[in-house]
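The values are calculated or read from the model by the stated rules, or taken from the named source; none is laboratory data. Remember, it's a predicted structure, so these values are computed and weren't measured experimentally. Neighbour counts are summed over all protein chains in view; Cβ atoms, including those assigned to glycine, are modelled from backbone coordinates with ideal geometry. For accessibility, only protein heavy atoms count, side chains too; no ligands or nucleic acids. Shrake-Rupley method; radii C 1.70, N 1.55, O 1.52, S 1.80 Å.
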Amino acid sequence: MLKDCLSKMLLTDNPFRITPTRRPTVWAGREELKQKLNRILRQSLIVSPSRLIVCLGDWGTGKTHAGRYFTHAENIKRIVEELRVKPPLPIFVTLPRPLKAGRAIMELYESILENITFDRLLNGVRKVFRQINNFYVQKGRSEEEALILTRKAFVEITESEDLAEIFIRLASTTQQSERLIIKKYLWGQESPTERGQLRVATSIDSLTAVLRALGAMFRLLTFYGEICPEPVYSEIFLWIDEMEGMLDLKAGDTVSILTFLRDIMDYVPNNLTVLLNITMRGAEIRDIEALLGPSVFERITEIVEFTEFINQELALNFVKELLNNDEFRPKEFREKCPDEFYPFTKEALHLIIERTPNLTPRRLNDNCSSVLEMACHRGLIKSVGDRIDVEFVREVLPA
């Protein structure tokens with residue numbers, strides 16, 4: 001059994017993942033890149049203007065892992081505590097590639113909503129409603145006057161009477177059936193009869209409607225001021241993966257996505273950070289502009305480059321940190337290890353690194369995983385004194 005073999009290697013699991021987990025907690029090596037992304041997130045939490053960041057690199061350089069890592073609430077908890085701000089709302093989605101032309105923008109919108117979740121939206125809108133309504137009640141207004149003023153505030157925040165009505169009802173209703181109709185409306189799935197029950201004129205079924213709806217949600221969830229002194233979230237982090245997929249979209253879908261990226265900053269001018277993962281081998285600035293178009297390109301505030309390991313020591317450090325991370329090697333296992341390279345010899349790891357072309361995290365993980373699993377298959381590690389050595393690597397990992 002693989003688990004039994006790994007326990008002899010003093011590991012709880014194979015640390016060399018080819019694809020990132022949905023909620024990764026492990027960051028190995030590449031400290032400079034981590035600190036750069038940390039700085040970007042910190043700046044977004046400190047200053048209010050919305051920003052557009054591009055994360056650029058070859059396949060397997062860790063962009064998806066970074067996106068998932070930095071949109072996992074536990075991983076940005078320390079930043080939030082240091083800055084003493086409300087936690088942000090992290091959203092990680094992949095650019096849709098719809099089977100039917102004309103569906104890209106709606107599928108992107110639906111992915112964002114699914115990531116937010118209806119419960120978080122419900123609770124967030126309730127908190128904003130409660131604060132604003134309580135403000136006017138405490139100022140001596142009657143309940144009826146307070147509700148009128150709260151509705152007026154919602155219209156100003158959402159910039160839409162229809163959406164203000166929807167969110168006021170969402171915050172106020174106790175009926176599960178009404179909440180379900182509101183959810184269907186926000187997801188663009190309501191029937192004409194249900195839309196009539198909500199007393200709204202139009203559906204969320206176009207690019208403009210999507211921008212208005214998301215803009216209203218994001219502004220509500222990050223709104224603060226005298227009438228609402230405590231925002232639900234300090235910032236929205238919207239991380240979109242696989243943006244190079246636009247090359248496969250139909251022309252109309254490409255235009256919709258680019259227009260969305262251009263205009264979302266206008267709809268949400270504060271407290272929104274959009275990060276785009278773009279995979280391009282040997283990309284240059286002009287390649288990014290060609291993909292995103294000049295109107296989106298000029299909104300980019302920073303480009304973060306994801307590269308291969310530039311030398312063997314950085315690659316070796318990456319492997320060592322994975323092997324000895326608490327998730328894969330808890331303290332009681334580490335205490336039994338002869339050294340930090342176990343179950344490999346240091347020379348064996350150097351050889352794996354030498355035999356890894358295009359030295360990216362993914363390729364290095366792939367080769368280390370292959371050698372580790374082959375060692376398990378052969379029963380190579382029977383006790384702590386046994387090691388995966390250079391000869392074994394030469395045999396199972398040809399040059």
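Looking at segment 97-142, which of the residues that are under 15 Å from the mean Cα position of the chain (by Cα) and without any contact (Cβ under 8 Å) to a residue 24 or more places away in the chain is farthest from residue 261 (Cα to Cα)?
117
So residue 28 passes all but one of these: (1) within 30 Å of residue 259 (Cβ to Cβ); (2) surrounded by 18 or more Cβ atoms within 10 Å (Cβ to Cβ). Which condition number does it fail?
With (1) within 30 Å of residue 259 (Cβ to Cβ); (2) surrounded by 18 or more Cβ atoms within 10 Å (Cβ to Cβ) applied to residue 28, the lone miss is (1).
So which of 44, 50 ends up being open to solvent by 20 Å² or more (accessible area, probe 1.4 Å), in contact with a Ser or Thr (Cβ under 8 Å, 6 or more places away or on another chain) and not β-branched (Val, Ile, Thr)?
It is 50.
If the Cβ limit is 6 Å and pairs must be 6+ apart or interchain, which residue in segment 228-245 that is within 14 Å of residue 111 (Cβ to Cβ) pairs with which residue that is of a type outside the set (A, V, I, L, M, F, W, C) and open to solvent by 10 Å² or more (accessible area, probe 1.4 Å)?
239/71; 241/64; 241/94; 242/94; 245/97
How many residues are modelled with pLDDT under 90 and among the polar types (S, T, N, Q) if we restrict to segment 15-47?
Number satisfying all stated conditions: 3.
Quick one: residue 327 ticks every box in (1) in a loop (DSSP other than H, G, I, E, B); (2) of a type outside the set (A, V, I, L, M); (3) open to solvent by less than 60 Å² (accessible area, probe 1.4 Å); (4) more than 23 Å from residue 57 (Cβ to Cβ) bar one, so which box is it?
Of everything listed in (1) in a loop (DSSP other than H, G, I, E, B); (2) of a type outside the set (A, V, I, L, M); (3) open to solvent by less than 60 Å² (accessible area, probe 1.4 Å); (4) more than 23 Å from residue 57 (Cβ to Cβ), residue 327 misses just condition (3).
Taking segment 373-388 on its own, how many of its residues are part of a loop (DSSP other than H, G, I, E, B) and within 15 Å of residue 353 (Cβ to Cβ)?
Total satisfying the criteria: 0.
Suppose we keep only residues that are in contact (Cβ under 8 Å) with a residue 24 or more places away in the chain and either assigned to a loop (DSSP other than H, G, I, E, B) or touching a His at 6+ places or on another chain (Cβ under 7 Å) (or both) within segment 175-205. Which one would you say is most open to solvent (accessible area, probe 1.4 Å)?
That would be 199.
Let me spell it out: the conditions are (1) under 29 Å from the mean Cα position of the chain (by Cα); (2) open to solvent by 20 Å² or more (accessible area, probe 1.4 Å), and residue 378 meets all of them except one. Which number is the exception?
Condition not satisfied by residue 378: (1).
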